[in-house]
Amino acid sequence: MKKKIVLYFPPTVTEQPFTYYLIKDYNLMVNILKADINPHKEGRAVVEISGKETDFQNGIEFLQSRGVKILPLEQEIVWVEERCTQCGACSVICPTGALVVERPSMHVQFYSEKCIVCEHCLQACPSRAMEAHY
Amino acid sequence: MSKKTYEEINARIRAGEAVVVTAEEVIPMVREQGLEETAAAVDVVTTATFGPMCSSGAFLCLGHPQPRMKMTRVFLNGVEACAGLAAVDAYLGATQLPQADPGNKMYPGEFRYGGGHVIEDLVAGKEIFLEAEGYGTDCYPRKQLQKTIRLADMPQATLYNPRNAYQNYNVGVNLSAKTIYTYMGILKPRLGNANYSTAGQLSPLLNDPCYRTIGMGTKIFLGGGVGYVSWFGTQHAPEAPRGENGVPTTSAGTLAVVGDLKQMTPRWLRGVSFMGYGASLMVGIGIPLPILDVETLRYAAVSDAEIFAPIVDYSEAYPQGRGETLGQVSYAQLKSGEITIGDRVVPTASFSSYPGAREIAGILKEWIQSGKFLLTKPVFTLPQSLTGIDYRSLV
Ligand code: SF4
Ligand code: SF4
């Protein structure tokens, strides 16, 4: 399995080598898509983790036990409304109904709470109105 | 009802008395009041479309540098424009890609930037990096040029699209077992989706299916500014099969259009990228139809349920150039969100923006109502036949 998640590190833990443990002790592949530490020494990283489901669960539990918060990636796909031409092409590509055409107006709407960040729409949208923000 | 002339309609527009409705609004009017009464009441019906139109581009006059230059190659933000014209003129095509674009080498390619995007950036007023080469002549000695340029710096810039506003179009599906990437978008395997691309009941040539009023010189909304129909478009195929209502059941007619790029806006000229296919330009076009008689209105009152498009397999039949179709489907069905092909229910999606088309039809309606946009009588209407083209002028 492969999954993207957001890790939030409180200031007390930002110095610890979590990726190292995830790889070494839990057999997980960790791909860091984005990472930053703010002036308050809080860290945020978007990572793609792949490996066995059980290893993944154990790895997550390990991170949580060390005070790392795991956030879902839900808010990360952004619909740039002014770039959207309201064509509707994304509606058949989006697997969850997060991007839908309202009928009869034919207006396109984005329901971010339904988005599972599969990123299919990033490719399918001709005007590049869908963006991934990490 | 007695017939109306262009002059009479324009007089009413000038006086601010013209009754203008969109091609969507006119449908319930005709249903409720009948053709005769509506034809007497309505002067103009506005139609529109906003969709990807690959056969688009702009003639750019880049202005002479000092010393002067005969440009033989021109690049705008890395996208080559055809410079086989006079010294500093070039034609930038909407589907042109930067030289470094990998195309489909990393299949499917992304085509994030192309000629259509340069055109969008130009009308957005952005600075564009211009690179030009020449071999140098006695009168035009300069051989190299690199500078930034804006649309406002160019002496002239003319959008000239050789084929726009396709009258009707295929519904693309995929019968194969793998996802395919086409100009009809991403088509999922085994009839995973069906993509279509016209505005149906709002679309210009579907409301004047036999070309009674649209022709060379028809004044239109183009990319947010004012433009004109300049000719019939490439691949204009008026002899296509038609239903009893005159509406073609395959692609059929096309338009060539022209207008001053400097009047246009990025809202209605939009660079787009088709995964695995290429770059293009979405163009907004609005065309007014004068209601000269009951017949013009009958055509303009066409609704989605009366317009049919062919379902075509883009995995095999289309690329191999076989004319097979999987049947016909109405735009009312397409817009419902799903169609039935055989025993399969297939979700549908559009590439042409129906809300965009509705907005353009509304803007054009406002322009006409406010008295600032008069109708023009075409020099000749679009040919109804390609054999022995007769450049009919309107009586
Ligand atoms: S990322 Fe996936 S789920 Fe989210 S809107 Fe795009 S296609 Fe839909
Ligand atoms: S494909 Fe892109 S432009 Fe078209 S409706 Fe969806 S988000 Fe908007």
Rounded to the nearest 10 Å², the accessible area of residue A:119 at probe 1.4 Å: 40
Magnitude of the Cβ-charge dipole of chain A, K/R +1 and D/E -1, about the Cα centre, nearest 20 debye? 160
Quick one: check the C-alpha center-to-center distance for segment B:8-85 versus segment B:321-362, whole angstrom. 24
I need the phi-derived Karplus couplings for segment B:145-157: 6.51 cos²θ - 1.76 cosθ + 1.60, θ = phi - 60°, integer Hz, Gly and Pro marked x. 8, 9, 6, 8, 9, 10, 4, 5, 7, 7, x, 9, 8
In range of the label at residue B:340: residues from segment B:164-199 whose backbone nitrogen is under 18 Å from the point 7 Å along Cα→Cβ: B:191-194
For the protein assembly as shown, just the Cα atoms, rotate onto the principal axes and tell me the three extents in Å, largest first. 86, 70, 48
Semi-axis lengths (Å, descending) of the ellipsoid that matches the C-alpha gyration tensor of segment A:76-133: 16, 13, 10
Taking H as built 1.01 Å from N, whose amide H comes closer than 5 Å to the amide H of residue B:376, not counting residues under 5 places away? B:219
Normalised per residue, the volume inside the convex hull of the alpha-carbon atoms of chain B in Å³ amounts to 152
Search the structure for amide H atoms under 5 Å from the amide H of residue B:136, placed 1.01 Å from N in the peptide plane, and list their residues when 5 or more places away or on another chain. B:70
Segment B:218-274 and segment B:133-169 have their Cα centres apart by a whole-number Å value of 22
Viscosity 1.306 mPa s, temperature 10 °C: Stokes-Einstein D of chain A from its Kirkwood Cα radius, in µm² per second? 97
For segment B:315-332, just list the computed ³J(HN,Hα) in residue order, Karplus coefficients 6.51, -1.76 and 1.60, θ = phi - 60°, integers in Hz, with x standing in for Gly and Pro. 8, 9, 4, 5, x, 7, x, 8, x, 5, 10, 9, x, 10, 8, 8, 5, 5
Could you list log10 I(q)/I(0) for segment B:57-158 at q = 0.20, 0.23 Å⁻¹, which the Debye formula gives when each Cα is one point scatterer? -0.95, -1.19
Give me, ordered by chain and number, the residues 5 or more places off residue A:99 or on other chains with an amide H under 5 Å from its own placed amide H. A:111
Based on DSSP, what percent of beta bridges with both residues in segment B:57-158 are antiparallel, to the nearest 5? 95
Mind giving me the FRET efficiency for residue B:244 and residue A:82? R0 is 56 Å, r the Cβ-Cβ distance, nearest 0.05 is fine. 0.85
Within segment B:117-150: backbone nitrogen closer than 20 Å to the residue B:265 label point (7 Å, Cα to C-beta): B:117-127
Each residue of B:273-285 has, on average, a number of other protein chain C-beta atoms within 10 Å of its C-beta equal to 2
How would you classify segment A:2-72 from its alpha-carbon gyration tensor, with a ≥ b ≥ c the square roots of the eigenvalues: rounded for a/c under 1.5, else prolate if a/b is greater than b/c, otherwise oblate? prolate
Let a ≥ b ≥ c be the square roots of the eigenvalues of the Cα gyration tensor of segment B:1-87; is it rounded (a/c under 1.5), or, if not, prolate (a/b larger than b/c) or oblate? prolate
How big is the charge dipole of chain B about its Cα centre, in debye rounded to the nearest 20, if each Lys and Arg gets +1 on its Cβ and each Asp and Glu gets -1 on its Cβ? 920
What relative contact order, as a whole-number percentage, does segment B:57-158 give when Cα pairs under 8 Å and 6 or more residues apart are counted? 35
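The values are calculated or read from the model by the stated rules, or taken from the named source; none is laboratory data. Note that the structure is predicted; figures quoted are calculated from it, not measured. Ideal geometry is used to build each Cβ from the backbone, glycine not excepted, and the neighbour counts take in all protein chains shown. SASA here: full protein model, heavy atoms, side chains in, ligands and nucleic acids out. Shrake-Rupley method; radii C 1.70, N 1.55, O 1.52, S 1.80 Å.
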